[in-house]
Amino acid sequence: MNSRRAAVLVTAVAAAVTILAAAVGATDLALGALGVAVLALLGYLVLAMRSLAEAVAKAARPVDRRRGKTASRSNQHSAPSRQGPSPHEVNVVRRLKEIRNAIHRAPGQTAEMIRVYDRVVTHPHPMPELGGWAATPSTMLWMLDRVMSTPVRTVVECGSGTSTVWIATALKGRGGDGCVVALESSDHYAELTRAELERLGLSDFATVVHAPLVDTPLPDGVTQPWFDVSGLVLPGPIDLLFVDGPPGNVARQARYPAFPVLADRLAPGAAVILDDTGRPAEDAIVERWSTEVHAGRALEVSRTVDRSTVLVAREV
């Protein structure tokens, strides 16, 4: 019997004991068996993720070997028909390695999320999932730690949803003043986020502003669609700005206007987080932001957190 089967068997037995003990009123036995079931299940998940990581690594090796063979043929012939791996092969290898790295990080991220969850969440309701279109766990952990450990009062989001709920939860759990203001171009999604905030009792700590995309003039003379902030009222200077919108299909560098448009509202030392900086458009935005000055503010790259880049505002 391999380790994963053993973990499944232990989980099943412990779950059965939990149910029987609960049925006969043996509360202590039920709680103990439940704890064993949870630990066995966590063990199974860790083993499964390791197995998947090994499978991903094996899948990447044939492409790496083809790359080596192609390079060898190129050295042997003066006019090879093909130079190096194809763009598709390069993308496949890169994506497989990203998946493998994500799998290796998952256990640590899970443990860290549990720690932060226990610290931040004070209600019994399930929280929205991270990753996918939403911020990754690593990015969210960084922002939550920032909210919980520094005097952040005003958070602005370009886009609304999962991160709005998590940040509002952290502000409520921390206590004191603080509010997250989310700009949302879709009235439908704005209503969905408001409903989730209301369900979790977070409406006092978050405001979702329906800000349709309008043609916005930029300092370089270009006009491009961005959130309508003509009537935006904030409770104070922005201490944390999370840029996760608008969607990339509205302009070549859809998220670029965030800095020039909101620069005059950034507090000195404010953190600006641009999500999805593994993509060419967002990488170009980071390059532009780090070389420009708007409203007496400049941005300096501070760190990379998973697929996000953190910049810090300073006065010039």
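The values are calculated or read from the model by the stated rules, or taken from the named source; none is laboratory data. The shown structure was predicted, so the numbers you read here are calculated from the model rather than taken from an experiment. Backbone-built Cβ (ideal geometry, glycine too); neighbour counts: all protein chains shown.
All of (1) without any contact (Cβ under 8 Å) to a residue 24 or more places away in the chain; (2) closer than 13 Å to GLU157 by Cα hold for ALA206 with one exception: (1).
Remark: pairs (first residue in the range 262-291, touching a residue at least 24 places away in the same chain (Cβ under 8 Å); second residue among the hydroxyl-bearing types (Ser, Thr, Tyr) and outside any helix (DSSP H, G or I); Cβ separation under 6 Å; 6+ apart in sequence or on different chains) = ILE273/SER308; LEU274/THR309; ASP275/SER308; THR277/THR309; ILE285/TYR256; VAL286/THR277; VAL286/THR309.
If you scan the range 154-173, which residues turn out to be surrounded by 19 or more Cβ atoms within 10 Å (Cβ to Cβ) and of a type outside the set (Val, Ile, Thr)? Within the range 154-173, GLU157, CYS158, GLY159, SER160, GLY161, SER163, TRP166, ALA168, ALA170, LEU171, LYS172 meet the criteria. Against the test of being in the same structural domain as LEU266 (by TED's automatic domain parsing) and in contact with a helix residue (DSSP H, G or I) (Cβ under 9 Å, 6 or more places away or on another chain), the options VAL229, VAL214 yield a single qualifying residue, VAL229. Residues in the range 210-231: is at least one crowded, with 19+ Cβ neighbours inside 10 Å, touching a Phe, Trp or Tyr at 6+ places or on another chain (Cβ under 9 Å) and in contact (Cβ under 8 Å) with a residue 40 or more places away in the chain? Within the range 210-231 (the criterion being crowded, with 19+ Cβ neighbours inside 10 Å, touching a Phe, Trp or Tyr at 6+ places or on another chain (Cβ under 9 Å) and in contact (Cβ under 8 Å) with a residue 40 or more places away in the chain), the answer is no, since none of the residues qualifies.
Of all residues in the range 240-260, those that are crowded, with 23+ Cβ neighbours inside 10 Å have Cβ atoms under 6 Å from Cβ atoms of residues that are polar (S, T, N, Q), 6 or more apart or on another chain, in PRO246/SER185; PRO257/THR216.
Applying the condition of being at pLDDT below 90 and of a type in the set (Phe, Trp, Tyr) to the range 117-163 and asking which residue is nearest to THR193 (Cα to Cα) yields TRP133.
When restricted to residues that are modelled with pLDDT of 95 or more and either among the basic types (Lys, Arg) or under 22 Å from SER138 (Cβ atoms) (or both), the range 172-192 contains 2. Counting only strands (runs of 3 or more DSSP E) wholly contained in the range 213-316, the ones carrying 1 or more residues that are within 26 Å of PRO151 (Cα to Cα) and either touching a Cys at 6+ places or on another chain (Cβ under 6 Å) or modelled with pLDDT of 95 or more (or both) occupy 238-243, 266-274, 297-305, 308-315.
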